[in-house]
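The structure appears right after this line, and notes come after that.
Nothing in this text is a laboratory measurement; each read-out follows from the coordinates by a stated rule. Computed from a predicted model, the values in this text were never measured in an experiment. Neighbour counts are summed over all protein chains in view; Cβ atoms, including those assigned to glycine, are modelled from backbone coordinates with ideal geometry.
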C-alpha cells in the first residue's frame, strides 16, 4: 500500500512539474504527508508544466481546448479569418516618440450596412483587453463582448447604423502590438515596441476610416478605455466626429486608477517568465498574468455587488471536518488558500484570463490609460496635434483657459471643482461643438463618479452646450457597461436618436 | 573605451546578481545597449543578490543598516531587550483547531503606572504589522507607531492610565508566530503553525493580564485590526472589559476587504522564495512582500489624498529628453517602469517594508482578519466560547435574534440595514453593557464607513445604550487613525474621561 501511495504521489508530482520527491520547492508540495499543502500555489507550477509539455508537442492549432481549463495557447489570438485586417504601409506618428511606427495592421469587424452616403458610421472603441469581436458575425457566431448592445433594434441599432470595432494598436488580437513581428528583424517587437497613447490608437483607427472612404463618423462610442478613445477622437478630429458617447471613462486618469494599474504591472513584470518582455520564444508570464487579473477584477466590480453575491459564503467543494459541523456557515477548518467564495471567484477570474491575453499588450495598454490626460498642458506636450480648423485651433492652442465657467443657466458652475478643471476645459475645447453623452456609475471605484462629473463639467466649461449626463446606481461598479442593457443601452439609444 | 564600457557593465551586472552578459533574464538587463531596460524589475534581482551576499558573510547583528535601503535583516525582529516577554507554559485553546498551541510567548511594552487597585489599565491592540512599540520608552526611545496618541496629557493620558500593548500571537515581533521555533522540533513552525483567530490573539493577551494580576481593563482600545481585537475582548470577557474603543474596524470582514487581502496573499505566496512557507533557512520572499505591500498601501490611503498630494506629477529624478521640453508637466518620455509620483510612492512603500516583516506572519494575520465575523452563527462555530455570566450567556447563545431593533428614541432603527444585522446584533449581545466608542472615516476604502455604522447599529440593536459614534471626513482614508491626533485623539480622550 505504501508503495502504491508513493507511486501515486510520484505520478501526481510529475504531472504538476516536480522532479524530486525530496526537495520541497514552490513547484512541489513538501514530501512529508503531514506537511502543509497549498493547492492554490501548486496551480502555478502545474500550469507551467502543462505549457511546457505542449511546447514539446507538434505545433498546436490556433486555439487548443483543454478539458480542464479552457483554451490554452500562449495567448488566444482569434482566428484571423473571422476579422478583417487593414495593413497601413506608411508610418504612424506617435505621441511620445519622434520615431514613428514604420507601418501597422489594424484588425476590425463590422455590423450593419454602410449607407450610400457613408453617414451612418459608428466607431466603437474597446476597453483594455477586448478584441474587435464586439458582437457575433456570420464569420464568427460566438457572442461578442457587447453582444447585448449591438444588433437590430438594440441600443446600437444595426438596422440604422454601420458599426466598426477595431482591436487597438498595442493589442494582441490582430492589430500591431508588442507580440507582432517587426518587419526589420522578423522577430516579435516585445518591449522594443514603442509606447503608444490613446490618441495613437485613435489615429490608427482614422487611417482605417480613410481607407474605407469614411470621412465623418455619426458617432464615436466607447466604454472604459473606449470612452477615453471616444473623447480622444473628438479632440484629434473634431470635424469628423458627429457625436461622442463616453461611458465610465475619464478625461484624465486619476492617481488612484494609476495606482491600481501600477500594482498589476508590477506583479506581472516581476514574473521571471516575463523576462523583460522577451518571452515569445519561451513560456508566457502566466502566473503574473493571473495575479494581475485578480487585482484588476477587484477594481472592475463593487463591494455592494459582492455583499449580495458572495457575502461571507465559503466555497463548498470540500467535505466538512470541523469540530462543530452543525452550522452550515463553517463546514471545514479554514486554510491559507482560498476559503471564501469571493476568493475562489478572483482565483477563477485570474486563471481563466492568464493565457488569453498577451502580457506585454496588457502592460502597454494599461500604461496608455495611465498617461491619458486631456488637460491643455498635457495635450501640448504630445508629439501630435488636434486636426482642428483654423478657427477652432485658435481656441485650444491658446494657453489661457476659457473665461466662462458654465455654458447655460440650467447647469450652474460645479460645486467644489478640482483645481485642474479649467485646464481640462481648455484641453477639451475642440470638442465644444460635438454633442456628447457622459454616463457614469456611482459604485465604480476605478472610473469614479466624480470623474464622470468632471468630464461633463469640463465639456460644459469649454463651451459645449450639448452634454447629456447620467449617473447610474446599481451594484455592478465599473462593469455596469457590460451588464446593464436597460439603463446603459437606453441612454445610448436615446442619445443616438436625437437629431 | 569599448573595453572599459564592457568592464563597467560586467561589474554592474555582477553587483545585481547576473552571471552572464549574453542571456537576458529577469535578473539581468538585456545586453545590447539599445535593448529596453527595466530598473524597477532589476531591483528585485539586485535585492536578492544583496541578501545572498550577506548570507555568506558571518552572522550579522540583529538589525543591519544598509546605506542605500535601510535595515535589511531577513526581517526586523526588534531588540528583545527593549520589550518584556511573558512565556505562557500552558496550552492555548484555538478557534479553528481542536489541537491547542502547546505554549506561547507574548511580547509587550507598557507606559504609565499601574494603580494600586490595578483599575487604570488600557489594553491597546495593534493593526496587522505593528509591534508592541506603540510609543517610545526608556528602553527604546525610537518613536512608536502611535507616538502622538500616548503620553502625559495626550489622547491616552499616561498620567492617568497604565497602557499595555502586545505583539499579537501570529506576529514576528517577539510573540509566538510562524517564525518562532517549535519546541518539539527546534525548528521554525513555518506554515505548520496553526491558524489563529482574532479571538485567539485576545485570549493570549488575557493570559498575560492574568499573569500581571489584572482582573479588569479600564478600556480595550484598538484601531483597524486592533478594533477587531477590542470588540473580541468585549465578547470573550465582558466582565473584564470596562470600555471599548473601536476605530476604523469592523465586526464582520466584508468580501471587498477579503478580496484586497487575498490579492496580497496571492502575490506573496506565488513568490518562489516563499517555498510553501519554509524559507527560514533560505531567503525570504522579498519580492512578493514588496508587491503585497504595494497593494496594501493602495487600501490604506485614499484617492482624494493622492489627488492633493501627487496628482499626476511625474518623478523628477531623470533628465529631460522629450521633443517638447518647454512644458514642465512632461520632462521626459514615459516608460513602462514608474513614471508618476504615485507609482514611485507605492514602489518605495513596498521596498521599505519588504524586509521588515515576516511573510508568514503577514499571511496568518491577514487571514485572521478575513475570518473575523461576530454574527452569532459564526461565533457559535468557533472552538472557543464567550466567558459570560450565566445570565448573559443565555442572551447570546440563543439562536434567536433580539426582538428590539433600536435601543432608544434618540437612535431610530437604521435605514436600509444589511440583512445580517440582526445576526450581528445577536452575536454582539454580550457587549451590551460595555460603553463603546465607534469611530470611522468616510474616505476609508478598507473598513468603510458603512461598516462603522454597522458596528454601532449592531451594538445598539443588541441592547447597548452607551454607544458613542463619530464619522470623520478628511482625505487620509484608513490611515487616519495614525495621523489625525486632533479628531481621533479628541474623541478617544473624551470617551475615556466620561464616567
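Numbers for the structure displayed
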item: Average other protein chain Cβ within 10 Å of Cβ, residues B:374-384; result: 3
item: For residue B:79, label point 7 Å along C-beta direction: distances to other copies, nm; result: 7.2
item: Peptide ranges A:437-445, B:148-156, A:137-145 listed from the most packed, as the mean C-beta count within 10 angstrom indicates; result: A:437-445, B:148-156, A:137-145
item: Per-residue mean of C-beta atoms belonging to partner chains within 10 Å, peptide B:332-338; result: 6
item: Label distances, nm, residue A:207 versus same residue in remaining copies, Cβ-directed 7 Å point; result: 7.0
item: Rounded to whole Å, sorted largest first: equivalent-ellipsoid semi-axes of the stretch B:155-229, Cα gyration tensor; result: 27, 14, 11
item: Relative contact order (%) - criterion: Cα under 8 Å, at least six apart; region: the stretch A:104-179; result: 44
item: Likely footprinting exposure, B:223, B:354, A:40, fewest C-beta neighbours within 10 Å first; result: A:40, B:354, B:223
item: Per-residue mean of C-beta atoms belonging to partner chains within 10 Å, peptide B:87-99; result: 1
item: Neighbour-count order for B:262, B:495, fewest beta carbons within 10 angstrom listed first; result: B:495, B:262
item: Modelled FRET efficiency - R0 25 Å, residue A:192 with residue A:53, Cβ distances, 0.05 increments; result: 0.25
item: Modelled FRET efficiency - R0 45 Å, residue B:79 with residue B:216, Cβ distances, 0.05 increments; result: 0.90
item: Chain B, rotation onto A, residue closest to that axis via Cβ, with its distance in Å; result: B:267, 3
item: Contour excess over end-to-end distance, with Cα ends at residue A:387 and residue A:416 and 0.36 nm allotted per residue; result: 7.2 nm
item: Cα→Cβ-extended label distance, 7 Å offset, between residue B:352 and residue A:105, nm; result: 4.8
item: Nm distances between copies for residue B:141, ranked from closest, using label points 7 Å along Cα→Cβ; result: 8.1
item: Pairwise label distance in nanometres, residue B:184 with residue A:185, each label 7 Å out on the Cα-Cβ vector; result: 5.6
item: Packing-based ranking, highest mean first, of A:233-240, A:107-114, B:453-460 given that Cβ atoms within 10 Å are counted; result: B:453-460, A:233-240, A:107-114
item: Gap separating the Cα centres of the stretch B:469-499 and the stretch B:413-435, nearest whole Å; result: 23
item: Theoretical FRET efficiency, 1/(1+(r/R0)^6), r = Cβ-Cβ of residue A:142 and residue B:98, R0 60 Å, to 0.05; result: 0.70
